[in-house]
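Just below is one structure, and these are the notes that go with it.
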Amino acid sequence: MSKDLMNKIDALGAQEYMSDAQLAVFEEHLRGEHERLIVRQQEITNTSMKNPESISGDEADKANAIQSSADARAESEKNKAMLRSVSVALQAIKTRDYGYCIKCGEEIGLKRMISQPAACRDIECETLEERKNKQNPAANLKIS
């Protein structure tokens with residue numbers, strides 16, 4: 001849970017759920033997170049540009065380079081997914097849908113929003129979505 005975010009929300013005192021002041025705090029946090037993720041994505045791209053097969057050296061060096069490249073690709077994919085989530089959350093702030101579940105429309109809740117500012121489902125709907133994805137993992141495959 002983000003202590004800084006929690007302190008900022010607590011400092012506002014009692015407020016209506018997702019008041020203008022709360023939305024402003026979440027927006028500032030998410031914009032910072034968006035910028036951090038963009039910078040990290042650029043770092044990943046800049047450091048993983050080498051083709052691991054072009055590395056000269058022994059088999060251990062090549063294997064290490066291949067593993068590093070795979071790790072960078074995995075981090076890049078995770079980073080891109082987070083960027084998409086943060087962008088969706090920022091758009092939801094603009095439309096004043098932020099903090100409400102995209103499945104059932106119920107309040108997600110301040111505690112969850114503080115711990116997961118890009119959350120788009122309440123805990124019940126998120127649990128159901130995770131169960132569905134575990135039962136049918138092929139449903140999440142992207143075909144390019």
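The values are calculated or read from the model by the stated rules, or taken from the named source; none is laboratory data. This one's a predicted model, so the numbers in the text were calculated from it and none came from an experiment. Ideal geometry is used to build each Cβ from the backbone, glycine not excepted, and the neighbour counts take in all protein chains shown. Note: accessible area is taken over every heavy atom of the protein model, side chains too, but ligands, DNA and RNA are not part of it. Shrake-Rupley method; radii C 1.70, N 1.55, O 1.52, S 1.80 Å.
Points to keep in mind about this one:
- The chain: relative contact order as a whole-number percent, Cα under 8 Å and 6+ apart: 23
- The chain - Debye-derived log10 I(q)/I(0), Cα point model, q = 0.11, 0.14, 0.18 Å⁻¹: -0.57, -0.81, -1.08
- In order along region 91-106, the phi-based Karplus estimate (6.51 cos²θ - 1.76 cosθ + 1.60, θ = phi - 60°) of 3J(HN,Hα) comes to 5, 5, 5, 4, 8, 6, 9, 4, x, 10, 5, 6, 8, 10, x, 6 Hz; Gly and Pro are listed as x.
- Sorting 30, 110, 83 by solvent-accessible area of protein heavy atoms yields 110, 83, 30, largest first, with a 1.4 Å probe.
- Rolling a 1.4 Å probe across all protein chains gives residue 122 an accessible area of roughly 20 Å².
- Once the 1.4 Å probe is applied to the protein heavy atoms, the chain comes out at 69 Å² accessible per residue.
- Residue by residue, region 118-125 carries 3J(HN,Hα) couplings of 9, 4, 10, 10, 6, 4, 5, 5 Hz when phi is fed to the Karplus relation 6.51 cos²θ - 1.76 cosθ + 1.60 (θ = phi - 60°); x denotes Gly or Pro.
- Taking 14, 24, 89 as the candidate residues, the one with maximal mean-square fluctuation in a Gaussian network model of the chain, Cα springs under 10 Å, is 14.
- The amide H of residue 108, built 1.01 Å from its N in the peptide plane, has 100, 101 as neighbours under 5 Å, considering only residues 5 or more places off or on other chains.
- With DNA, RNA and ligands ignored, accessible area of residue 58 (1.4 Å probe; Å², nearest 10): 90
- If R0 is 35 Å, the Cβ-Cβ spacing of residue 46 and residue 97 corresponds to a FRET efficiency of close to 0.50.
- Applying the Karplus relation 6.51 cos²θ - 1.76 cosθ + 1.60 with θ = phi - 60° to region 20-34 yields 3J(HN,Hα) values of 4, 5, 5, 4, 5, 5, 5, 4, 4, 5, 5, 5, x, 5, 4 Hz, where x marks Gly and Pro.
- Viscosity 1.306 mPa s, 10 °C: Kirkwood-radius Stokes-Einstein D of region 78-120 over Cα pairs, µm²/s: 152
- Accessible-area value, residue 93, 1.4 Å probe, nucleic acids and ligands omitted, Å²: 10
- Projecting the Cα atoms of 79, 17, 48 onto the charge dipole of region 1-103 (Cβ charges, centred on the Cα centre) puts 17 farthest toward the positive pole.
- Cα centroids of region 1-34 and region 67-132: 16 Å apart.
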